[in-house]
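A quick write-up on the structure given underneath.
The values are calculated or read from the model by the stated rules, or taken from the named source; none is laboratory data. Quick caveat, the model's predicted, so the values are computed rather than measured. Reconstructed Cβ throughout: ideal geometry from the backbone, glycine too, with neighbour counts over all protein chains shown. Surface areas here come from the heavy atoms of the whole protein model, side chains and all, with no ligands, DNA or RNA. Shrake-Rupley method; radii C 1.70, N 1.55, O 1.52, S 1.80 Å.
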Amino acid sequence: MLDTRPLLEETDFPRIFRGKLSILQVNLGYLCNLSCVHCHVNAGPKRTELMSRETIDQVLAFIDKKDIKVLDLTGGAPEMNPEFRYLVTEARKRNVEVIDRCNLTILNEPGYEDLAQFLADQQVIVTASLPCYSEQNVEQQRGKGVFAESIQALQKLNSLGYGQEDSGLQLNLVYNPGGPFLPPSQAMLQADYQRELSDAYGIVFNELLTITNMPISRFGSILISKGQFEDYMQLLKDNFSEQNLAGVMCRSLISIDWQGRVFDCDFNQMLHMPLIASDRPETYLSELLDTDLEGDEIVIGEHCYGCTAGQGSSCGGALAE
Ligand code: SF4
Ligand code: SF4
């Protein structure tokens, strides 16, 4: 795979500083039942990196000490980490909102038949990738058979109350473009998704989050090999919107990798760009229990233009709408 980091390090992106920390984004490992083309962590069924119970206990200690309100779980397929249910249960006991970044198909895998019920029992917010409401587009990105399995999983979640009015069980879908272009308007696309999924499959959900593809990892490598990297970077820069700077996700979260190392965001994690505030190449979560991170400068690169282009992009979707 081609490395885009050397192309991203030097940047004229404006300097940004962290505000109050409220979200902990934790990558539980790179093991996944899928291997999607756009995957920015190069996850897949052969990856063996998984967060240990010891590190998970450090995450819980950090939550306790720092009054973290939201735990955002990513992977890979975070549910494939054997400690997933322990972490979720412990976080919910502390009244922390838990988001599961779910690829949907995991809900149908052998051994995971009761996963959807577990998520519902714990009132976990399910944020699920569904890059399109059309079968062809989904399968181009995620592989054959993934669309039908995703629909089946969404119907299962709906039957448990997810996405249904007044159930308290939130189901969000995530769209990302199938190539080197910016996402369309989040509000308009949400209306399209709602209509199409309801008409064809009777599926309901709460919100659609549109996310811009980052020119890193597998997607970045594809851009380079197709000679599209520079054009895509130019597109991101040409659409820079200053008003999105205040809402970029690194201002309110930190990202933890499967070994407990801390980064300003998931993308910096993938690029192995350590925190600036630390003068060491690696900082572990357990070392930050007594450190106030507010006001720290954030490590930036050319990829940051992916967060500010057009309507903006974050783990919570568009910034400007
Ligand atoms: S489901 Fe998500 S983590 Fe797994 S390969 Fe696809 S994009 Fe990567
Ligand atoms: S890529 Fe990361 S560091 Fe850069 S603006 Fe986006 S969230 Fe912040």
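For the reader, a short list of remarks on this structure follows.
- FRET efficiency estimate (nearest 0.05) - Cβ-Cβ, residue 46 to residue 200, R0 35 angstrom: 0.55
- In the chain, the portion of solvent-accessible area held by carbon and sulfur atoms comes to 48 percent [1.4 Å probe, whole percent, DNA, RNA and ligands not counted].
- In this structure the range 1-102 gives 45 Å² per residue of accessible area when probed at 1.4 Å with all protein chains present.
- Computed over protein heavy atoms with a 1.4 Å probe, the accessible surface of the range 110-266 works out to 43 Å² per residue.
- Note on residue 167/residue 230: beta-carbon distance plugged into 1/(1 + (r/R0)^6) with R0 of 41 Å gives a FRET efficiency of 0.30.
- GNM result for the chain, Cα springs below 10 Å: residue of 184, 281, 45 fluctuating most strongly: 281
- Candidates 63, 276, 99: whichever shows maximal mean-square fluctuation once the chain is modelled as a Gaussian network with Cα springs under 10 Å: 276
- Gyration tensor verdict on the range 5-308 (Cα atoms; rounded if a/c is under 1.5, prolate if a/b is larger than b/c, oblate otherwise): oblate
- In Å, descending, principal axis extents of the Cα set of the range 234-302: 39, 22, 20
- Segment residue 37-residue 94, length gained on full extension (0.36 nm per residue, minus Cα span): 16.9 nm
- Residue 114-residue 290 FRET efficiency (beta carbon distance; Förster radius 35 Å; 0.05 resolution): 0.30
- For the chain, averaging the sequence separation of C-alpha pairs within contact (under 8 Å, six or more residues apart) and dividing by the residue count gives a relative contact order of 25 percent.
- If you count Lys pairs in the range 5-308 whose Cα atoms are under 18 Å apart, skipping same-chain pairs closer than 8 places in sequence, the total is 6.
- Other-chain or far-sequence residues with amide H under 5 Å of residue 77's (modelled H): 31, 32, 33
- Most positive-pole-ward Cα, 163, 119, 134, against dipole of the range 92-176 from beta carbon charges: 119
- Near the amide H of residue 283, within less than 5 Å, lie the amide hydrogens of 262, 275, all on another chain or at least 5 residues away, with H placed in the peptide plane.
- At most 11 other Cβ within 10 Å, DSSP loop - GluC sites (Glu not before Pro), the range 1-97: 10
- Chymotrypsin sites (Phe, Trp or Tyr not before Pro) restricted to DSSP loop in the range 180-275 with at most 13 other C-beta within 10 Å: 181
- Candidate membrane-span-like segments in the chain, meaning DSSP H helices with Cα atoms spread over at least 27 Å of their own axis and a Kyte-Doolittle mean of -0.5 or above, do not occur, with no membrane implied either way.
- In loop segments of the range 115-186 as defined by DSSP, the GluC sites (Glu not before Pro) with at most 14 further C-beta atoms inside 10 Å of their C-beta are 165.
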